[in-house]
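Visitor: Got a structure for you, questions after.
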Amino acid sequence: MTKLTRRGALTLLGASGLPLPALAQSGDPINIGVMLPLSGGSAIAGREVIQGVQLAFEEGSKDGALGRKLEMITEDDEGSPTKGVTAVRKLIERDRVPVVVGTYVSGVALAATRIAREQNIPMVSAGSTAVTVTDDNTPGNPWFFRGFPGSDLQGQFSGEDIVRTLQKRRVAIIHDNSNYGTTLADQINRVVTESGGTVISRESYNAGEQDFSPLLTRLRSQRPDAVYIGGLVSDGANIVRQAADVGLRTQFVGSGSMMTDSFITLTGAASEGFAVSSMFEPEGPNPVGNEFAARFRARFGGVNPSVHQALGFDAMTIALAALKRAGKPDGTAIQAVLKQGMPDVKLVLGPPGTVAVFDAKGSINFRIGMAQVRNGKRAFVDPPRQQ
Amino acid sequence: MSPELELFLQYVANGIVAGSVYVLVAIGLTLIFGILGVVNFAHGEFYMLGAYAGIVAVSTFGLSIWWALAVVLAVAAVLGVITELVLHRPLRGHDAVNSIISSFGLAVALQNAALLVFGPQPKLLRTDWSNVPVEIGPVFLPMQRAVIPVATAAVVICFHLVLRYTWTGRSLRAMAQHAGLARLCGVGVERVAIVTFIIASVLACVAGMLMSGVFLVHPVVGNMIGLKAFTVVILGGMGNVHGAVAAGLLLGVAEALTAAYLGNGLRDVVGFALVIVVLLLRPQGLFGRSVERS
Amino acid sequence: MIQRALTIVLIASLAAAPLMLGGYGLQVLVMILLFAVLAAGLDLVTGYCGQFSFAQGAFWGIGAYTAAILHRDFDTGFWLNLPAGALVAGFAGLLLGIPSLRLRSHFLAITTIAFQTLVFLGLSQWTSFTGGQYGLSVPVVGSVSVLGYEVAEISDIRSFYWLALAVTLLCLFIAWRLTQSRLGREWIAIRDDETLARALGLDATRGKLIAFVVSAALAGVAGVLVAHHIRGVSPDDFTIATSAAVVAMVIVGGRGTLVGPILGAAVLTALPELLRGAADFKLIIYGMLMIVMVTLMPEGVVGRLARRRA
């Protein structure tokens, strides 16, 4: 309660323009900014990401950094660009954060990073996959960093895997109307056709839609070899469950967001054989990922981390490592470290040996694998090898 | 029977299942409006909380499905009383916009409270008979779907009997027709208001529980169902219960056929476009009589 | 007299705000200004003319997307987008105004909700035209030149704030003049008793349509501002939740007072910022506060004060 009042009072002071006591004096903690959708429609993902962020922060902030304590300041952007712009300005100016971990919705990340870049504050993506955000970077001098490939590459790999690894020719695509779903669908459409398959239909839905039975009933009459779903985990689970209800039996392939154990719990028997694009498996070939999964289970009551928690962990790990290397809590110095890359910072995402070295546009482009559910457990079909 | 026709019947069957839920949610909404003049924006949240109540009763407390139903009914009753105390009693005599804002605030508060209590992860009601298939001619439905129109029909018939033959039902109808006159004849307005809210809440909560085995439940699940219920209420004529029943089924089937033949992306557009057209041409709704109520 | 002095002091301190506030404070103020325009615009329709609308967020979005699409297709800048946004949104307002000629209260409210939802679905799904969920990029306002001389460079929050303040004051002034005009009195007459107004020979049809057009055009102006401010548009800002928030500002502040809705905009925009520390409970408190305010002061804060004074 005291904390709440104090913060409220500080904000009031700030908004009213009265001079604030300098917050970032030496001896004061260094604040690390986190920005995620914690309410609204994207909260389901945002609240998973933040668990990973939190674990990375707890582990990485034990001894402080640069002789000072570390504090994590979290802002809820509600998945809205205007709210996001306000949140990022608050983090940078009120809390004096030298680096921001965030955010999940790509449209919000884009709006926020333009503000952050002006203030010379780098951002590390906590889930936004759209290439529009990294494409907004000046090549060679990025301010927005993403520790995993964009959704264009995810679509590329999934498309290839559907035709080559899973050996499916006639593919139907279902995707939500979000940026994420649409990009993936575009890519799958192109790659499947190029790899010698045929896309027999393409349908969209609004994120959060409940009843998929008409769509799936029609798909049943088209007899696809595989159905690709580009969208969020709850919608994907609804689709796979309802497919069983309408008697559509085929190979379902899900986008990366469906890589979570809760998908299997929610869909039950219908999940058998389900394939999903996977950047991370708790028991995959990447030893760093395995160790993270073990620590995560210990910290969060035995629950296996999903891709969201894993990427949140990586994002905060990258931000803290860059801060420590930069030698001062300064955005420009941190960006210089990130730009140069940190080959000794190993990531939990990606194949074994994935490290925090970014390309000219601020992305890490590793091979994304495909996992499949067998007897209620997910495992890589063809594990991505060492880079 | 040609495969085309079989497919068509299957779409219609799916539409009726979805429409049944619209009916249950919309009846309460139209009742609250017709009798009390309150526009309840938090109605979708009744559905959401009913679903969660059933899931918690079954999966956390291990109750059987019938006991879970009792829990849902109890939760619904409490919810109905609270909502009446928040949305109706203190705002009586003010115009409907106040109740719109107030219920909007209630919806925001309930959604975020649900997010806090139940977490963001979607949940599902599991039962033993979930996947037993039911075949009616060429139409194939899993048991948990097939049971929905049947349960809806039972609930609607019960409700109809209550409305027709009990003292409470008669006072409700009297209030809907002429509040002032009803009061003169000794109808207790406050009692009627509470009963109305409880009935509306029970119907929506039962709908939520029925659907929680078919669709995933999450804190914002009420948004869309609430909007759909509004669509149904308008199409059926505001305050018109029988209109809501017909319009709910109609919307369910129309959406299923749109999704099947015109493209899935258009299904929501069709409903709302229909609303605007209907309001412009027949403001009293498709099934309403042309009476302007003051 | 006191009111005039207060207004001048308020405008002067708003104009001086960038000298004291950082970017975060200015960002919050910019959002307050934009919502003040939206709420004042809605007050013309709801408070003065007595017609309900839950579509102010849609008009806001139409203005913003007009700027973004004109920029994409014709490479236009802020100064052309501004009137264009007002024009397009105003035209959309005319379309929504037509049902208001036939429908009353709840029916109209629901129609506007359907309209708002359709606009949102259009923005998010008509990908080839609106960019869908990708949204579109919009440049900063950039240099402002008069007769070839560059007078200002508007690229940071400070200069943009002054621009937004100037445009907002202009919008509010227009709204205020309208309420004081003969048209404003016609609106009140229509609100209080439309049949009587018609009997007295007032053209209620024209009055209502103008209210809808002006209200939407003001929202369009705010939309162009937000597009150039955020430097992009995406559908997530223009939902029914935004529209409901604007209605709440009007109701909580006090409809039909113009000052009330502006105050409502300030309070309800700043409130979530003040509640940031409460994180998980932020929106629960916001929702409950809305209930409490409407219950205790159904005529709004300013409405209550005015009544007490009278």
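Visitor: Fewest Cβ neighbours within 10 Å first, please rank C:VAL259, B:VAL206 accordingly.
Guide: C:VAL259, B:VAL206
Visitor: Could I ask something else about it? Calculate the FRET efficiency for B:ILE65 and A:GLU272 from the Cβ-Cβ distance with a Förster distance of 30 Å, rounded to the nearest 0.05.
Guide: 0.70
Visitor: Excluding residues on the same chain fewer than 8 positions from A:LYS361, give the aspartates and glutamates whose Cα lies under 19 Å from its Cα.
Guide: Within the straight-line limit of under 19 Å, A:LYS361 reaches these aspartates and glutamates: A:GLU118, A:ASP135, A:ASP136, A:ASP152, A:ASP314.
Visitor: Determine by what factor the alpha-carbon radius of gyration of chain B differs from 2.2 N^0.38 Å, reporting the quotient.
Guide: 0.99
Visitor: Starting from the Cα of A:ASP261, step 7 Å along the direction of its Cβ; do the same at C:ARG307; then give the gap between the two resulting points in nm.
Guide: For the pair A:ASP261/C:ARG307, the computed spacing is 5.8 nm.
Visitor: Loop only by DSSP, 15 or fewer other Cβ within 10 Å of the Cβ. Give me the trypsin sites (Lys or Arg not before Pro) in the stretch C:46-144 that pass, ordered by residue number.
Guide: Filter output for the stretch C:46-144: C:ARG102, C:ARG104.
Visitor: R0 = 56 Å: FRET efficiency of A:THR193 with C:GLU153, Cβ-based, nearest 0.05?
Guide: It comes to 0.70.
Visitor: Using the eigenvalues of the Cα gyration tensor, what equivalent ellipsoid semi-axes result for chain A when each is taken as the square root of five times the eigenvalue, whole Å, largest first?
Guide: Output for chain A: semi-axes of 38, 21, 19 Å.
Visitor: Mind listing which trypsin sites (Lys or Arg not before Pro) in the stretch A:211-298 are in a DSSP loop and have 16 or fewer other Cβ atoms within 10 Å?
Guide: A:ARG249
Visitor: Round to the nearest 0.05 the FRET efficiency obtained for B:VAL117 and A:LYS377 when R0 = 30 Å and r is the Cβ-Cβ distance.
Guide: 0.50
Visitor: Sticking with the crude label model, points 7 Å out along Cα→Cβ, report the distance from C:ASP192 to C:ARG104 in nm, one decimal please.
Guide: Placing both labels 7 Å along Cα→Cβ, they lie 1.8 nm apart.
Visitor: If Lys and Arg each add +1 and Asp and Glu each add -1, what is the summed charge of the other residues whose beta carbon sits under 15 Å from the beta carbon of A:GLY302?
Guide: Local net charge: +1.
Visitor: For A:LYS377, go through the lysines and keep the ones whose alpha-carbon is under 16 Å away, minus same-chain ones fewer than eight residues off.
Guide: Filter leaves no residues.
Visitor: For the cross-link pairs A:LYS168/B:LYS123; A:LYS324/A:LYS346; A:LYS69/A:LYS324; A:LYS62/A:LYS339; A:LYS90/C:LYS282; A:LYS69/A:LYS339, which exceed 23 Å when the distance is taken from alpha carbon to alpha carbon?
Guide: A:LYS168/B:LYS123; A:LYS62/A:LYS339; A:LYS69/A:LYS339
Visitor: After finding the eigenvalues of the alpha carbon gyration tensor for chain C, what semi-axes result from the square roots of 5 times each, listed largest first in whole Å?
Guide: Calculated on Cα positions only, the semi-axes equal 29, 24, 21 Å.
Visitor: At a Cα cut-off below 14 Å, give the aspartates and glutamates reachable from A:LYS328, other chains included and same-chain residues fewer than 8 away excluded.
Guide: A:ASP28
Visitor: When only Cα pairs under 8 Å and 6 or more residues apart are kept, what is the percent relative contact order across chain C?
Guide: 33 percent
Visitor: Which distance in nm do the two modelled labels at A:ASP28 and C:PHE173 give, with both placed 7 Å along the Cα-to-Cβ direction?
Guide: Here the modelled spin labels are 4.1 nm apart.
Visitor: Here's a follow-up. What percent does the relative contact order of chain B come to when contacts are Cα pairs within less than 8 Å and at least six residues apart?
Guide: 37 percent
Visitor: Write down the radius of gyration of the stretch B:162-294 and its Dmax, each obtained from C-alpha positions, in Å.
Guide: 17.3, 54
Visitor: Provide A:PHE212, B:PHE197 in ascending order of the number of other Cβ atoms located within 10 Å of each residue's Cβ, fewest first.
Guide: Sorted ascending by nearby Cβ count, the order is A:PHE212, B:PHE197.
Visitor: Still on this structure, I have one more. Neighbour counts of other C-beta atoms within 10 Å: give me C:HIS71, B:HIS94 arranged from fewest to most.
Guide: The fewest-first ordering by Cβ neighbours comes to B:HIS94, C:HIS71.
Visitor: Moving on to the next point. I'd like the Kirkwood hydrodynamic radius of the protein assembly as shown, using the inverse of the mean 1/r over distinct C-alpha pairs, in Å.
Guide: 29.3 Å
Visitor: Over chain A, what is the mean sequence separation of C-alpha contacts under 8 Å (at least six apart), divided by residue count, expressed as relative contact order in percent?
Guide: Worked out over chain A, it gives 17 percent.
Visitor: I've got another one for you. If I require 18 Å or longer along the helix axis, counting alpha carbons, and a Kyte-Doolittle average no lower than -1.0, what helices from chain C are left? Use full DSSP H segments.
Guide: Result, helices passing both filters: C:2-20, C:23-43, C:56-74, C:78-100, C:105-125, C:157-180, C:204-230, C:240-253, C:259-274, C:282-296.
Visitor: Please report the antiparallel percentage of DSSP beta bridges with both residues in the protein assembly as shown, rounded to the nearest 5.
Guide: Antiparallel bridges: around 40 percent, rounded to the nearest 5.
We did not get these values from a lab; they are worked out from the coordinates using the rules stated. Keep in mind that this is a model prediction, so the values were computed, not measured. Every residue, glycine among them, receives a Cβ derived from its backbone with ideal geometry; neighbour counts consider all protein chains shown.
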